[in-house]
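The values are calculated or read from the model by the stated rules, or taken from the named source; none is laboratory data. Predicted model only: the values in this text are computed from it and were never measured. FYI the Cβ positions are ideal-geometry reconstructions off the backbone, even for glycines, and counts take in every protein chain you see.
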Ligand SMILES: [Zn+2]
């Protein structure tokens, strides 16, 4: 009875897919503690830690354990996320965007603007030395890559078509950022 087998196959396939998706959603202990570490960052602590540039170095395995596959692809493999449908493209709350890799304060919401590029864009980093610039000649283009100055993870690129006062556009990947709200600390 082929139809019966089809039904059984369908049930088995569904069960397999469900178990796969729940497995990929379950977080490793390292990823959980990394997320916990990011959640502990307050607006005040981010403001006062923005001058701490002590380097953070991790092995590829350690990064993989801490980050989701998309975060790992962007931060550690210089990837670019899909425009417009990412987390912070249309996000305009008051606060600080810190590095998803190490919690280093990178951008203040005061410098965020709508570039219509589909990626979160800022006209300046929170401090000049919060990020590192690096020449990027990949994909037959001549661009300036932006890295976190603390863990040297890839964040995005900077272009010279931004608004005043700097004329710069720091085009970042949401997957490389973690937002720390200013309001949350005021409520505490
Ligand atoms: Zn970092």
Starting from residues that are crowded, with 23+ Cβ neighbours inside 10 Å and in a strand (DSSP E or B), keep the ones in segment 103-122 and report whichever is farthest from the ligand (Cβ to nearest atom). 121
Exactly one of these conditions fails for residue 73: (1) outside any helix (DSSP H, G or I); (2) within 16 Å of the ligand (Cβ to nearest atom). Give me its number. (1)
Any residue in segment 109-116 that is within 13 Å of the chain's Cα centre (by Cα) and in contact (Cβ under 8 Å) with a residue 60 or more places away in the chain? no
Only residues that are exposed (fewer than 14 other Cβ atoms within 10 Å of the Cβ) and in a loop (DSSP other than H, G, I, E, B): list them for segment 123-162, please. 137, 141, 142, 160, 161
Of these, 54, 100, which one is at pLDDT below 95 and within 15 Å of the ligand (Cβ to nearest atom)? 54
If the requirement is being at pLDDT 90 or above and more than 20 Å from residue 149 (Cα to Cα), which of these qualifies: 62, 23, 71, 93? 93
Just the residues that are within 16 Å of the ligand (Cβ to nearest atom) and either farther than 20 Å from residue 169 by Cβ or surrounded by fewer than 20 Cβ atoms within 10 Å (Cβ to Cβ) (or both), please, taken from segment 76-97. 76, 77, 78, 79
Examine segment 28-46 for a residue that is farther than 24 Å from residue 149 by Cβ, surrounded by 10 or more Cβ atoms within 10 Å (Cβ to Cβ) and at pLDDT 75 or above, and state whether such a residue exists. yes
